[in-house]
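Asks: Sending over a structure as structure tokens; questions will come in a sec.
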Amino acid sequence: MGTRFLPATKVIPKEMLALVDKPIIQYGVEEAIASGIEHIIIITGRGKGAMEDHFDHSFELDATLERRGKTELLAVSRGVSMLARISYVRQKEPLGLGHAVLCAKDLVGNEPFAVILPDDVIDADPPCLKQMIDVFDERGGSVLATMTIEGPGISAYGVLSGSQDAENPRIYNCTGMVEKPKFEDAPSKQAIIGRYVLTPRVFELLEQTKPGAGGEIQLTDGILALAKEQKVFGYTFEGKRFDAGDKFGMLQATVEFALKRPEFAEKFREYLKGLEL
Ligand code: G1P
């Protein structure tokens, strides 16, 4: 429900908040495409229809831009609607992330799939999801993005237990995981970040998953059940993650992404330097 970003998210879904000039859902879609994903499923819900409009043709806007000869802007607008093959599924009740993923079961079918939580915006080259798909292909097991979180902040995440891989220090062999543990109960400093490459078996396990932390059906609990049957790896991705669902995280992402945009990076750098801090 985007409560961490109120009042901006009273009417606008958090996925539609702009990071520089693109809604954060678009960064997620672009990362998926750049990672080789061909079919994108967006789980929506009540009040989130703006996402469907965003990725659809905008006839009035496009016709106006064409009439006015604004070819560059027209290309931007059309480009968004032609980005990808996107399907939408509505989650009728907010029963948890595991339940949201389960809503895509029929559309995904019996093949491996990836999950992106778009409020985790990750700046990486190659894209975080591509790095993970490579690990999936190489190791033949589900892969969860992880990063080390020091201190009590770990309680906001799913946390892994297991051991570092002997060959590749970025890989963590998972034996267990727990959603939002108390700091003193956290089994490690390896926090799950919002990127997953999963085998379809997780759907059947999610169907049997009871509500967990916060009374919600947790994806972490479904993957814990998966780890008892199949290999599951944590993967410390190369790149920088921003929590764009949080006001401070969005501010950090805004500054860093703006500094990477050639059209105003220089001007923005000069502006920041001129601030009396
Ligand atoms: C979700 C997951 C959690 C994960 C986090 C990453 O939590 O349930 O395991 O660590 O995303 O951002 P949420 O942030 O939706 O509460």
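Asks: Scan (1) modelled with pLDDT of 95 or more; (2) touching a strand residue (DSSP E or B) at 6+ places or on another chain (Cβ under 7 Å) for the single condition Lys22 breaks and write down its number.
Replies: If we test Lys22 against (1) modelled with pLDDT of 95 or more; (2) touching a strand residue (DSSP E or B) at 6+ places or on another chain (Cβ under 7 Å), just (2) comes out false.
Asks: Quick check, is Lys10 open to solvent by 50 Å² or more (accessible area, probe 1.4 Å), in a loop (DSSP other than H, G, I, E, B) and closer than 27 Å to Leu206 by Cα?
Replies: no
Asks: Give segment 57-77 a look and list any residue that's more than 24 Å from Glu263 (Cα to Cα) and either surrounded by 15 or more Cβ atoms within 10 Å (Cβ to Cβ) or touching a Lys or Arg at 6+ places or on another chain (Cβ under 9 Å) (or both), or say none.
Replies: Across segment 57-77, the qualifying residues are His57, Ser58, Thr64.
Asks: Another one. From the set of residues in segment 167-201 that are among the charged types (D, E, K, R) and within 13 Å of the ligand (Cβ to nearest atom), which is farthest from Asp119 (Cα to Cα)?
Replies: Lys189
Asks: May I ask you to list pairs of residues, at least six apart or on different chains, whose Cβ atoms are under 7 Å apart, with the first in segment 101-125 being open to solvent by 30 Å² or more (accessible area, probe 1.4 Å) and the second being in a loop (DSSP other than H, G, I, E, B) and more than 16 Å from the ligand (Cβ to nearest atom)?
Replies: From residues that are open to solvent by 30 Å² or more (accessible area, probe 1.4 Å), the pairs are Asn110/Pro200; Glu111/Pro200; Pro112/Thr199; Pro112/Pro200; Ala114/Ile37.
Asks: Can you tell me which residue is nearest to His39 (Cα to Cα) among those in segment 53-89 that are modelled with pLDDT under 90 and polar (S, T, N, Q)?
Replies: Step by step, filter segment 53-89, then rank; the result is Ser81.
Asks: Tally the residues that are away from the ligand (no atom under 16 Å from the Cβ) and either over 25 Å from Gly2 (Cβ atoms) or in contact with a Leu (Cβ under 6 Å, 6 or more places away or on another chain) (or both), restricting the search to segment 120-166.
Replies: 17
Asks: Then there is this: If you scan segment 213-229, which residues turn out to be open to solvent by 30 Å² or more (accessible area, probe 1.4 Å) and touching a strand residue (DSSP E or B) at 6+ places or on another chain (Cβ under 7 Å)?
Replies: Ala213, Asp221, Leu224 - these are the residues of segment 213-229 that are open to solvent by 30 Å² or more (accessible area, probe 1.4 Å) and touching a strand residue (DSSP E or B) at 6+ places or on another chain (Cβ under 7 Å).
Asks: Give all pairs with beta carbons closer than 6 Å in which a residue from segment 170-188 that is closer than 22 Å to Leu97 by Cα and open to solvent by less than 20 Å² (accessible area, probe 1.4 Å) meets a residue that is within 12 Å of the ligand (Cβ to nearest atom) and not polar (S, T, N, Q); count only pairs at least 6 apart in sequence or on separate chains.
Replies: Cys174/Leu160; Cys174/Gly234; Met177/Gly158; Met177/Leu160; Met177/Leu224; Pro181/Val159
Asks: Within segment 117-136, identify whether any single residue is among the hydrophobic types (A, V, I, L, M, F, W, C) and part of a strand (DSSP E or B), and answer yes or no.
Replies: yes
The values are calculated or read from the model by the stated rules, or taken from the named source; none is laboratory data. It should be emphasised that the depicted structure is a prediction, and the values quoted were computed from it without experimental measurement. Positions of Cβ are generated from backbone atoms using ideal geometry, with glycine treated the same way; all protein chains shown enter the neighbour counts. In case anyone asks, the SASA skips ligands and DNA or RNA and just uses the protein heavy atoms, side chains included. Shrake-Rupley method; radii C 1.70, N 1.55, O 1.52, S 1.80 Å.
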